[in-house]
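Asker: Input: one structure, supplied below.
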Amino acid sequence: MKQKIFIFLLVLMSFLSSAHAASEKIAQIRISGLSRIGEDTVRHVLPFQEGDPFRVQKVDEAITALRRWGAFDAIQVDIDSTPEGKLLHFRLDEATVILLIEIQGNYPFVENRIRKYFTLKAGDIYTPQSVKAQVDRIKTFYEQQGYINTEVEILETAEPTENGVTITFAIHRGEQLRYRNIIVNGNKAYPLGRFVSALNPWKSYSEKRLKASLRKLTDFYHEHGYPRARIEVREKEIDYHLSRVDLQLEVYEGPHVKVEFQGNRHASDRTLKKTMTISREGSFDQYEIDASIAALKKLFAERGYPDAHIEAQRVDLSEEKKIISFVMEEGEPQFIKQIRFPGRKKVAQRKLKKVMANQERSLHTRGPYKPHLQTRDSAALKKVLESEGFLDGAVEAWKVKKGEDLGSLTVQIPLSEGEQTIVEEVLFQGNHAASTKDLLDVLKVIPGKTFDPHFIEEERKQLLVFYSDHGYPYAQAKASIASGNVPYTTIISYEIEEGPEVRIGEVLIVGDVLTSQKAIKKAMGIGHGDLFSTQKIVEAQLNIRRLGPFSSVSVETIGIQEKEEKIHLLVKVEEQRPFLVDIEFGYSTDKQYVGNLKFTNLNAFGWAKRNTLKLIGGREISGVELGWVDPRLFGSQVEMTMNTSMFYEEEPAFRSLKLGGGVGWFRRFDDVGLLFRFDLNRKYLLEGNVDAADAQSIRNSTILETSASTSYDSRDSFADPRKGLFALAAVTLLNEIKGKESNFMKLSLSTEYDFSPFRSITLSSAARLNRIERFGTNVSIPLDQRFFLGGDDTLRGFSEDSLGPQDLGKITGGRLRWILNEELRFRLFARFNFAFFYDVGQLTDDASELSIGGARQSAGFGFRYVTPVGPIRADYGFKLDRRTGEDVSRFHLTFGYVF
């Protein structure tokens, strides 16, 4: 009895103590130990403030939030009681941050390859253990590449003002291990040279390379009739003094199994060997033979022979030689010529056919009949009927009939649609923050639309996404369905619990060594006090990445798991080297060589802006250009570019010196881009065709260009497009200042369409239309502003700028140009392509001069080697309408596509 009373009193005291603690308030919050971080920032991260009720759980949450921030080495909280309430003293020790990681002596490997092995990056908290761990990773990397006794020296430079340290890893590369002796035992089928060639003693030894070579040799044995072959390392000795390796291999070849095929007409022996499982599984017992028969039957079924009959017989000639013969009767081919749906009234055929595994024969598919997939297809068709509102719809038994052509089948799948169910009403309960109209705009299954029972769960998730993007990440929703007031109608109800409104607290940035936090926060698009939005947080990460100075970016939330009403954003960035030097070289038959030396600062003044210095030299153009790029102007999605330049140009019709500058604004919307730009250029014409029809066009000029363009690009690749559309429309107003004061406008329209009917074939069609429209009478167009035709990038087979209006045999350029380029590309192997092309175009001064007879045509063939930034092209073009005095053909070598 006394024991029970004691326990009761203990529980009562504990309850009273907890109640008393809960009734206490936080009287004061002290923070000490800060140097770089502002005290207000830390206070905003805490999930409470002075005057709030004191709860131990909230203190634990505060410690967790500070730890997740990653800015402190040590966090200690002292809790004292005062007459006014609780005094919380946060003793923080700011962590030493790694400002920069440099690597020295990394030859012959590029720096980024070594950095991939690091678990440490700029912006992380410095600890001696984490730095030493990178040394072990560097050594492991070099050992894998065949270098032994590699030493790594750590050089640390403290930066007290920034509470950081710069780490330099100085690598002293060891010696490379190489093979000295290679001994192979047990090899009967293949000589020693086969093994030596696979091991390749010309390359350095590494454990990784050795394992890869042994796998390659084992696969070679399996593919050549030795399914049980295995190769093991019997002995391996490393002479570290001489950096040499002695290797001894033991080969267990096993019996040789010869596989024969009989009766296969529509599948080659090579294809059948790749399909069977004997070589792949390393066994040839009866189980594996049966598995191979099943795999071969599946192959023939996929090729339109579902009734193929296959038998196998194994003959043991000796312990070392076996023969397995596969005898097959392919049977009659069965290809689906047409699929019909008797009884179909409202559901589109394409929707039904799209979900089926059985497909009609076409250019893209073989169309084999797959009877074993009838059940699967019937279930998929039933689901389509239900998704279109035909809840009572049925798919009846298939009727397969032979057609007149050999092997062709007509498949009839009777359908019974029944009555279509329509959504009568969509109801929402508990929506206070969002109107019914806003919620309906999110949904697709709305009043008046067909009822899709399979889409209701997806609709419920979309509602939660909507709420999460509008400040309510803890919202919950339940969906229920009831019959409508009219037959074949339904009412959908969503019961919503919105939860509390959530806003963004502090934006905590880690890893910003050179970049100002202001520039990062400005680019994010979401910040302190804004409504919480999952979408905007994802976009913030992309926006920071687009700034350019960072090699990695992540944005994490603090407080979501605890369901706080104020969520902090932890932004982790890793800055890359800000200074880049790019060397580029290009060549074309017409323009010959050109080279660029470009210096780029990715993070000018720490503002996350780019400035560039480009030096250009070539036969036809030489000069210098200074540039400034703001990737997010005023924190928006607009990119601003400013540049000033000086160029010397030499064209067949003129030589000139151009001084100028410009500013432009670019905005991308998914596949659509918009550009608006101003350019002011002063051109000094050093030499021109004085016999031109418009002699006044040969003059010095100062021209203000105002241009606007829009582009659409849905191509799957810039370097080697196989499908998609590219279109560009541009208008440029040109106003000549002083001089002749000519005012005119340039109109440009370009399109390209790529289509690949087969994997290895691409048809590319491109068209260009350019026109100069003059304002007023007797307007003289400067020679350098006219259009020209002929050469690598317009009409192949002709010399550069050799076509169009002439005067006394001299090219004068034109004001109206159209070009059509057709190209059929075949992928041969790896990155090599072969192509046939046809080019046609015309250059005139007036639309009245356009005619079929005035167009020039060429055709030819060429090879392409595709690189990540475009192809290297070698084309040979023939003139289809050669005129007196013209060459028959011309060779073109250039970088990039024609259009």
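Taken together, the values in this text are just the output of simple stated rules run on the coordinates, not laboratory data. Owing to the predicted nature of the structure, the values given are computational and were not obtained by experimental measurement. Cβ atoms come from the backbone with ideal geometry, glycine included; neighbour counts cover every protein chain shown.
Asker: Scan segment 713-748 for trypsin sites (Lys or Arg not before Pro) in coil per DSSP, keeping those whose Cβ has at most 10 other Cβ atoms within 10 Å, and list them by number.
Answerer: Numbers: sites: Arg715, Arg722, Lys723, Lys738, Lys740, Lys746; in loops: Arg715, Arg722, Lys723, Lys738, Lys740.
Within segment 713-748, the qualifying trypsin sites (Lys or Arg not before Pro) (loop, at most 10 other Cβ atoms within 10 Å) are Lys738.
Asker: Summarise the long-distance tail of P(r) for segment 256-329 by giving the % of C-alpha pairs beyond 21 Å. Each step should come with its number before you reach the end.
Answerer: Values: 546 of 2701 pairs.
Roughly 20 percent, rounded to a whole number.
Asker: Across segment 474-551, what fraction of all alpha-carbon pairs, as a whole percent, falls in each successive 10 Å bin from zero upward?
Answerer: 15, 31, 19, 15, 12, 7, 2
Asker: Let me check I've understood the local charge: for Asn681, count other residues with C-beta under 15 angstrom from its C-beta, Lys and Arg +1, Asp and Glu -1. What total comes out? Walk me through the intermediate numbers first.
Answerer: Details: positive: Lys658, Arg677, Arg682, Lys683, Arg699, Lys738, Lys746; negative: Glu625, Glu649, Asp679, Glu705, Glu736, Asp784.
Net local charge, Asn681 excluded: +1.
Asker: For segment 529-628, what relative contact order do you get, as a whole percent, if you take Cα pairs closer than 8 Å and at least 6 residues apart?
Answerer: About 18 percent, as a whole number.
Asker: Something else: Sort His372, His266 by Cβ crowding within 10 Å, fewest neighbours at the top. Don't skip to the end; give the middle numbers.
Answerer: On the way: His372 10, His266 13.
Sorted ascending by nearby Cβ count, the order is His372, His266.
Asker: Could I ask something else about it? If you take every DSSP beta bridge whose two residues both sit in segment 177-252, what share of them, in percent to the nearest 5, is antiparallel?
Answerer: Numbers: 9 of 16 bridges.
Restricted to segment 177-252, the bridges split so that about 55 percent are antiparallel.
Asker: Quick check on the exposure proxy: order Arg43, Arg817 from fewest to most C-beta atoms within 10 angstrom.
Answerer: Details: Arg43 15, Arg817 23.
In order of increasing Cβ crowding within 10 Å: Arg43, Arg817.
Asker: Moving on. Excluding Arg314 itself, calculate the net charge of residues whose Cβ lies under 15 Å from the Cβ of Arg314, where each Lys or Arg counts +1 and each Asp or Glu counts -1. Don't skip to the end; give the middle numbers.
Answerer: Details: positive: Arg228, Lys258, Lys321, Lys322; negative: Glu260, Asp285, Glu288, Asp290, Glu311, Asp316, Glu319, Glu320.
My count for the surroundings of Arg314 gives -4.
Asker: Turning to a different aspect of this structure: For each pair in Lys211/Lys274; Lys383/Lys478; Lys203/Lys236, compute the distance between the two Cα atoms and list the pairs where it is over 20 Å.
Answerer: On the way: Lys211/Lys274 23 Å; Lys383/Lys478 23 Å; Lys203/Lys236 17 Å.
In this structure, Lys211/Lys274; Lys383/Lys478 lie more than 20 Å apart at Cα.
Asker: Just to confirm the filter: which trypsin sites (Lys or Arg not before Pro) across segment 97-158 are DSSP coil and have at most 11 other Cβ within 10 angstrom of their Cβ?
Answerer: Details: sites: Arg113, Arg115, Lys116, Lys121, Lys132, Arg137, Lys139; in loops: Lys116, Lys121.
In loop regions of segment 97-158 (DSSP not H, G, I, E or B), the sparsely surrounded trypsin sites (Lys or Arg not before Pro) are Lys116.
Asker: Quick one: of Lys345/Lys401; Lys132/Lys572; Lys614/Lys740; Lys522/Lys723; Lys449/Lys563; Lys346/Lys402, which pairs are farther than 26 Å apart, Cα to Cα?
Answerer: Lys614/Lys740; Lys522/Lys723; Lys449/Lys563; Lys346/Lys402
Asker: What's the center-to-center distance, using Cα atoms, between segment 754-795 and segment 618-641 in Å?
Answerer: When both Cα centres are located, 25 Å separates them.
Asker: Kirkwood Rh, Cα Rg: Rg to Rh for the chain?
Answerer: Values: Rg = 37.3 Å, Rh = 36.3 Å.
Radius of gyration relative to Kirkwood radius: 1.03.
Asker: Exactly which GluC sites (Glu not before Pro) in segment 407-492 are in a DSSP loop and have at most 15 other Cβ atoms within 10 Å? Numbers along the way, then the final one.
Answerer: Details: sites: Glu417, Glu419, Glu424, Glu425, Glu457, Glu458, Glu459; in loops: Glu417, Glu419.
Hits after loop and neighbour filter: Glu419.
Asker: Another question about this same structure. Sorted by mean Cβ packing within 10 Å, highest first, what order do the peptides 833-844, 222-233 take? Walk me through the numbers on the way to the answer.
Answerer: Values: 833-844: 19.9, 222-233: 17.8.
Descending packing order for the listed peptides: 833-844, 222-233.
Asker: Ordered by packing density, taken as the mean number of other Cβ atoms within 10 Å over each peptide's residues, highest first, how do 204-212, 394-402 rank?
Answerer: Details: 204-212: 15.7, 394-402: 13.8.
For the peptides 204-212, 394-402, the packing ranking is 204-212, 394-402.
Asker: Give the distance, in whole Å, between the Cα centre of segment 54-121 and the Cα centre of segment 724-743.
Answerer: If we compute the Cα centre of each part, the gap is 56 Å.
Asker: How high is the relative contact order of the chain, given as a whole-number percent (alpha carbon pairs under 8 Å, six or more residues apart)?
Answerer: The value is 5 percent.
Asker: Moving on. Alpha carbon centre of segment 804-833 versus segment 269-297: separation in Å?
Answerer: Spelled out, the Cα-based centre of one part sits 53 Å from the other.
Asker: Give me the percent of DSSP beta bridges within the chain that run antiparallel, rounded to the nearest 5. Before the final figure, lay out each step's value.
Answerer: Values: 234 of 279 bridges.
Among the beta bridges of the chain, antiparallel pairing accounts for roughly 85 percent.
Asker: Quick one: net charge of Leu749's neighbours, Cβ under 14 Å, K/R +1, D/E -1? Numbers along the way, then the final one.
Answerer: Working: positive: Lys746, Arg768, Arg771, Arg817; negative: Glu752, Glu773.
With Lys, Arg at +1 and Asp, Glu at -1, the net is +2.
Asker: Could you tell me which of the pairs Lys298/Lys353; Lys370/Lys461; Lys139/Lys521 are separated by over 32 angstrom between their Cα atoms in the structure shown? Mind dumping the intermediate values first?
Answerer: Values: Lys298/Lys353 22 Å; Lys370/Lys461 36 Å; Lys139/Lys521 39 Å.
Among Lys298/Lys353; Lys370/Lys461; Lys139/Lys521, the Cα-Cα distance tops 32 Å for Lys370/Lys461; Lys139/Lys521.
Asker: While we're here: Over segment 597-658, what per residue volume does the convex hull of the Cα atoms give, in whole Å³?
Answerer: 90 Å³
Asker: Give the cross-link partners of Lys337 among the aspartates and glutamates, using a straight C-alpha distance below 16 Å as the criterion and excluding same-chain residues fewer than 8 apart.
Answerer: Candidates past the 8-residue exclusion: Glu302, Glu360, Glu404, Asp405.
Asker: Moving on to the next point. With the Cα gyration tensor of segment 580-895 in hand, give its eigenvalues times 5 under a square root as the equivalent ellipsoid semi-axes, listed largest first in whole angstrom.
Answerer: The answer is 30, 29, 19 Å, longest axis first.
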